Structures are given as C-alpha cells and as structure tokens.
Amino acid sequence: MSDVLIADDHPLFRDALQRAVIAALPDATVHTADSVPALFALIETLPEADLLLMDLHMPGARGYSALAHIRGQYPGLPTIVVSGHEEAQVARRALAHGASAYIPKSAAVDDIVEAVRTVLDGDVWLPHQLMGGTVELKPDEADVAARVASLTPQQFRVLTMIAEGLLNKQIAYDLGVSEATVKAHMTAIMRKLGVSNRTQVALAASHLDVEKEAIPGITEGL
C-alpha cells in the first residue's frame with residue numbers, strides 16, 4: 001500500500017488529483033494539505049511517503065522555493081509539480097529543481113494517471129506539448145536553491161514571510177512566537193543564505209520566483 005501526499009489549496013483540484021491518484025493506485029492511501037506548513041506537518045508524520053504532488057502556488061510557497069526546500073530535506077520523496085502555468089520553461093525549471101514530473105492544471109485525468117505511474121516507476125514525465133529541450137539553472141538560482149534546502153521548516157516559513165514583505169511583529173504574531181525568536185531565525189537565515197540584511201534575504205528568495213515579481217518594500221532592520 002502506498003502513501004501519497006497531495007498539497008494544493010484549491011479543494012476542487014485537490015479532489016481531482018486524489019481521484020486520479022486512486023485511479024493510478026487503487027490501494028493507495030491519500031493524505032492532503034492545503035498549505036506549505038500543513039504539508040511540512042504531513043511529511044513529518046509520514047517520512048516514508050511514496051509520492052508527493054504539490055502546487056507551485058499555495059499559501060507558504062513562493063515560486064520554486066517550497067520545491068527546492070522539500071527536495072533538499074527529503075531527497076528520497078519523488079515529487080510531482082502541478083501548476084496553472086503552461087509554459088515549457090516553467091516546467092523544465094521545475095525538473096531542474098528536482099521534480100520528477102510537471103502536470104499543468106489543464107491536463108486530462110489520463111495524463112495525471114500516466115504521470116503518477118511513470119514517476120513511481122522511476123522515470124521523469126512531461127506532457128507531450130512541453131517535451132523537448134532542457135534547462136540548466138543559472139548559478140545564482142542553483143546556489144540559492146541549495147541554501148534554501150538547508151533551512152529548517154520554521155526558518156523556511158520566516159523566509160517566505162520576509163519575501164512577502166511582512167514585518168517581524170507580523171511574523172511573530174502569525175507563528176505564535178516572540179519577536180526575539182523571529183530575530184534569531186533571521187540571523188540563522190542570513191547566515192545560511194550568505195547575506196547580511198533583510199533586503200538581501202528577499203532578493204535571494206526572488207531568484208526562485210516563477211516570474212519576476214516586485215520585491216515588497218522592506219525598511220525594517222533585523
């Protein structure tokens with residue numbers, strides 16, 4: 001019996017993925033999450049899970065950052081990325097970051113079933129319209145991905161919140177911790193990312209954006 005994880009914040013699409021997984025693996029047990037923090041908690045309880053299907057865009061994720069972090073923390077967990085993006089470049093960057101397959105949200109159920117079976121057989125899957133060509137990550141992007149992979153789950157959450165422009169007070173409130181704890185996380189994040197201030201943390205994270213996004217105005221210090 002296989003344990004399959006599905007992380008997507010849209011209930012209808014999450015249900016569609018679940019039906020496709022059951023069609024591919026009738027004996028599978030499917031576990032779902034609607035955010036990156038919920039996914040981290042799920043993986044901690046199921047460290048031997050057989051497969052993960054995750055959306056690039058859900059609460060707690062920014063670009064390829066969650067994918068890079070999970071692949072670094074759980075390299076033995078095959079991961080399929082699902083996304084509303086239809087561009088071949090986006091799909092190939094996902095593979096370059098360690099995904100085993102890329103499924104556009106417009107894909108038919110049969111394609112999802114095929115992707116699940118292909119990945120569990122140890123192969124890589126892309127839809128026919130996105131095949132052809134490869135992508136090598138730019139050195140800066142590859143370096144940031146490796147550094148993000150070294151963060152703890154809580155440090156990753158803080159990093160994502162910083163990239164979204166939240167202040168220490170807001171981050172502390174959302175995480176239920178003190179501002180001193182957030183500052184301690186900030187110090188560790190800056191050390192691991194090899195940067196020296198809050199703005200550089202956000203800029204480093206932006207290397208993993210799917211598309212170039214504006215960096216929120218950040219004026220607060222540590």
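The values are calculated or read from the model by the stated rules, or taken from the named source; none is laboratory data. Just so you know, these numbers come straight off a predicted model, no measurement behind them. As a convention, Cβ positions derive from the backbone with ideal geometry for all residues, glycine included, and neighbour counts pool all protein chains shown. What goes into the accessible areas is simple: the full protein's heavy atoms, side chains included, and nothing from ligands, DNA or RNA. Shrake-Rupley method; radii C 1.70, N 1.55, O 1.52, S 1.80 Å.
Return yes when residue 27 is surrounded by fewer than 15 Cβ atoms within 10 Å (Cβ to Cβ), in the same structural domain as residue 109 (by the TED database) and either among the acidic types (Asp, Glu) or within 13 Å of the chain's Cα centre (by Cα) (or both) and no when it is not. For residue 27, the condition - surrounded by fewer than 15 Cβ atoms within 10 Å (Cβ to Cβ), in the same structural domain as residue 109 (by the TED database) and either among the acidic types (Asp, Glu) or within 13 Å of the chain's Cα centre (by Cα) (or both) - is met. Can you find, within region 97-106, the residue that is farthest from the chain's Cα centre (by Cα) among those that are buried (at least 18 other Cβ atoms within 10 Å of the Cβ) and assigned to a loop (DSSP other than H, G, I, E, B)? By that ranking, first place goes to 100.
Looking only at region 47-71, residues that are within 18 Å of residue 10 (Cβ to Cβ) and among the hydroxyl-bearing types (Ser, Thr, Tyr) come to 0 in all. Within region 152-174, none of the residues are touching a strand residue (DSSP E or B) at 6+ places or on another chain (Cβ under 8 Å) and over 22 Å from residue 69 (Cβ atoms).
Residue-wise test of (1) among the hydrophobic types (A, V, I, L, M, F, W, C); (2) surrounded by fewer than 21 Cβ atoms within 10 Å (Cβ to Cβ); (3) under 17 Å from residue 17 (Cα atoms).
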{"site": "79", "(1), (2), (3)": "no, no, yes"}
{"site": "136", "(1), (2), (3)": "no, yes, no"}
{"site": "144", "(1), (2), (3)": "yes, no, no"}
{"site": "158", "(1), (2), (3)": "yes, no, no"}
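Can you tell me which of (1) farther than 17 Å from residue 68 by Cβ; (2) open to solvent by less than 70 Å² (accessible area, probe 1.4 Å); (3) touching a Lys or Arg at 6+ places or on another chain (Cβ under 8 Å) is the one residue 149 doesn't meet? Just one mismatch for residue 149, condition (1).
Which of the residues that make up region 1-15 are closer than 14 Å to residue 80 by Cβ and surrounded by fewer than 18 Cβ atoms within 10 Å (Cβ to Cβ)? Result: 2, 13. In region 159-184, the residues that are in the same structural domain as residue 148 (by the TED database) reach residues that are of a type in the set (D, E, K, R) with C-beta atoms within less than 6 angstrom, at least six apart or across chains, in these pairs: 160/62; 163/62; 167/220; 168/179; 172/179. Whether any residue in region 86-98 is within 22 Å of residue 3 (Cβ to Cβ) and of a type in the set (Gly, Ala, Ser) is what I want to check. Yes, some residue in region 86-98 is within 22 Å of residue 3 (Cβ to Cβ) and of a type in the set (Gly, Ala, Ser).
Report yes if some residue within region 49-61 is open to solvent by 50 Å² or more (accessible area, probe 1.4 Å) and either in the same structural domain as residue 163 (by the TED database) or modelled with pLDDT of 90 or more (or both); otherwise report no. Checking region 49-61: at least one residue is open to solvent by 50 Å² or more (accessible area, probe 1.4 Å) and either in the same structural domain as residue 163 (by the TED database) or modelled with pLDDT of 90 or more (or both). When 119, 90, 113, 148 are checked against the criterion of being β-branched (Val, Ile, Thr) and not assigned by the TED database to the domain that holds residue 45, a single residue qualifies: 148. The residue pairs whose first member lies in region 33-45 and is in contact (Cβ under 8 Å) with a residue 60 or more places away in the chain and in the same structural domain as residue 59 (by the TED database), whose second member is of a type in the set (Gly, Ala, Ser) and assigned to a loop (DSSP other than H, G, I, E, B), and whose beta carbons are closer than 7 Å, counting only pairs six or more residues apart or on different chains, are 36/60; 36/61; 37/60.
For beta carbons closer than 6 Å, sequence separation of 6+ or different chains, a first residue in region 122-134 that is modelled with pLDDT of 70 or more and a second that is in a strand (DSSP E or B) and crowded, with 18+ Cβ neighbours inside 10 Å, the qualifying pairs are 125/101; 126/102.
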